[in-house]
Amino acid sequence: MNNTAKTKIFFTDLDGTLLTDGKEVTPATKDTLQKWTSAGNKLVLSSGRAIESVNNVRISLGLDFPGMYLIGSNGGEIFDCAGEQMISRTPLTFRQVSLAMEIAKKEGVHCHTYTDTHIISPADDEELLYYRHAIHTPVIICEDVLSVLDKEPCKCIAIELHDKNKLEHFRQTLLPLVEGELNLLYSNDKYLEIFPASSGKGAAVRKLCGMLDIPLANSLAAGDEANDISMIQSASIGIAMKNAKENVKQTADVITQTDNNHDGLVPILLQYI
């Protein structure tokens with residue numbers, strides 16, 4: 001893909017990392033991303049969100065830079081913005097989706113999944129309403145979510161707004177049934193991401209660098225939550241935000257001096273351009 005050994009690639013989480021708490025990109029951060037890509041470097045938006053939602057964020061915030069890629073569903077999807085095509089997909093199995101939904105129902109925890117265009121939820125509840133404040137993907141409500149899926153999805157998400165212990169109990173109940181098959185990682189205190197063990201943001205870092213023939217030594221990755229840890233560990237320069245969880249900071253090479261609301265990424269990107 002005509003990359004030189006000098007090309008650098010920056011993988012960044014969205015919420016709590018690139019985006020402010022108001023879901024914006026500050027002018028200084030946007031200007032730095034422009035400088036980063038104008039120098040011939042690559043920018044990759046990497047999120048637990050589905051690709052459709054990641055792309056909506058990119059478009060709505062005017063992040064239209066050359067050489068951009070998107071990673072969605074915690075590494076399950078890789079999208080080439082220039083080619084407007086999915087270049088990698090790592091799905092769950094229908095059996096795994098069914099099991100997650102079954103356990104969630106027994107535990108009284110909201111759990112939904114996705115098609116390429118819709119959220120598929122068994123209930124129109126408080127958790128779904130909360131989720132959709134930031135994620136504007138249309139919804140299909142169907143008690144039997146598998147009956148709506150046209151192909152195996154890349155992730156499920158379990159949500160509990162009021163009692164993290166309840167969400168953790170769900171995780172502990174599901175874990176022994178899927179250990180070695182699935183990752184069950186928090187993207188924040190209310191969201192538990194469910195995706196293939198062979199997926200993950202770190203796996204996507206290694207896969208995309210290989211596809212683009214960019215040495216891992218030229219990679220940087222930034223995040224703030226548990227589902228970012230594999231990405232931070234896989235990149236040559238792993239960056240934790242000042243506002244990151246402590247377990248994330250412990251895995252990073254660098255911790256930003258300021259948080260996601262105050263251009264934490266800017267000095268680091270300027271240093272490595």
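Listed by first and then second residue, the pairs linking a residue in region 157-175 that is closer than 17 Å to residue 113 by Cα to a residue that is in a helix (DSSP H, G or I) and open to solvent by 30 Å² or more (accessible area, probe 1.4 Å), with Cβ atoms under 6 Å apart and 6 or more places separating them unless they lie on different chains, are 160/166; 170/107.
The strands (runs of 3 or more DSSP E) located wholly in region 107-196 that include 2 or more residues which are open to solvent by 30 Å² or more (accessible area, probe 1.4 Å) and either modelled with pLDDT of 95 or more or under 16 Å from residue 76 (Cα atoms) (or both) occupy 139-141, 182-188. Within region 64-79, the residues that satisfy the criterion of being open to solvent by less than 40 Å² (accessible area, probe 1.4 Å), in contact with a Cys (Cβ under 9 Å, 6 or more places away or on another chain) and at negative phi are 65, 68, 69, 70, 72, 76, 77. Going residue by residue through region 107-118, is there one that turns out to be in contact with a strand residue (DSSP E or B) (Cβ under 7 Å, 6 or more places away or on another chain), among the β-branched types (Val, Ile, Thr) and in contact (Cβ under 8 Å) with a residue 40 or more places away in the chain? Yes: region 107-118 contains one or more residues that are in contact with a strand residue (DSSP E or B) (Cβ under 7 Å, 6 or more places away or on another chain), among the β-branched types (Val, Ile, Thr) and in contact (Cβ under 8 Å) with a residue 40 or more places away in the chain. Being farther than 23 Å from residue 226 by Cβ, free of Cβ contacts under 8 Å to residues at least 60 places away in the same chain and not in a strand (DSSP E or B), is that true of even one residue in region 68-79? Scanning region 68-79, I find no residue that is farther than 23 Å from residue 226 by Cβ, free of Cβ contacts under 8 Å to residues at least 60 places away in the same chain and not in a strand (DSSP E or B), so the answer is no.
Does residue 253 meet the test of being among the charged types (D, E, K, R) and either under 24 Å from residue 77 (Cα atoms) or in contact with a Lys or Arg (Cβ under 9 Å, 6 or more places away or on another chain) (or both)?
Details: among the charged types (D, E, K, R): yes; either under 24 Å from residue 77 (Cα atoms) or in contact with a Lys or Arg (Cβ under 9 Å, 6 or more places away or on another chain) (or both): no.
Here the answer is no, as residue 253 does not meet what is asked.
Residue check: residue 199 meets all listed conditions (1) part of a loop (DSSP other than H, G, I, E, B); (2) closer than 26 Å to residue 123 by Cα; (3) not aliphatic (A, V, I, L, M) but one, namely (2).
Could you list, in sequence order, the residues of region 80-106 that are open to solvent by 30 Å² or more (accessible area, probe 1.4 Å), part of a strand (DSSP E or B) and in contact (Cβ under 8 Å) with a residue 12 or more places away in the chain? Hits for region 80-106 are 86, 87, 89. Could you tell me whether region 1-8 includes any residue that is in contact with an Asp or Glu (Cβ under 8 Å, 6 or more places away or on another chain), outside any helix (DSSP H, G or I), open to solvent by 50 Å² or more (accessible area, probe 1.4 Å) and touching a residue at least 40 places away in the same chain (Cβ under 8 Å)? Yes - at least one qualifying residue is present in region 1-8. Can you name every one of the helices (runs of 4 or more DSSP H) wholly within region 202-273 that holds 1 or more residues which are open to solvent by less than 10 Å² (accessible area, probe 1.4 Å) and more than 20 Å from residue 7 (Cβ to Cβ)? Here the list reads 229-234, 246-249.
Only one residue in 60, 46 is within 18 Å of the chain's Cα centre (by Cα) and surrounded by fewer than 16 Cβ atoms within 10 Å (Cβ to Cβ), so which one is that? Talk me through it step by step, then tell me what you get.
Values: 46 fails: surrounded by fewer than 16 Cβ atoms within 10 Å (Cβ to Cβ).
Criteria check complete, one pass: 60.
Residues are listed down the side, and each one gets a yes or a no for (1) on the phi < 0 side of the Ramachandran plot; (2) among the aliphatic types (A, V, I, L, M):
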position: 26; (1), (2): yes, no
position: 45; (1), (2): yes, yes
position: 84; (1), (2): no, no
position: 127; (1), (2): yes, no
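The values are calculated or read from the model by the stated rules, or taken from the named source; none is laboratory data. No experiment lies behind these values; they were computed from the predicted model shown. In this analysis, Cβ positions are derived from the backbone assuming ideal geometry, glycine residues included, and neighbour counts consider all displayed protein chains. Remember, those area values only see protein heavy atoms, side chains included, never the ligands or the DNA or RNA. Shrake-Rupley method; radii C 1.70, N 1.55, O 1.52, S 1.80 Å.
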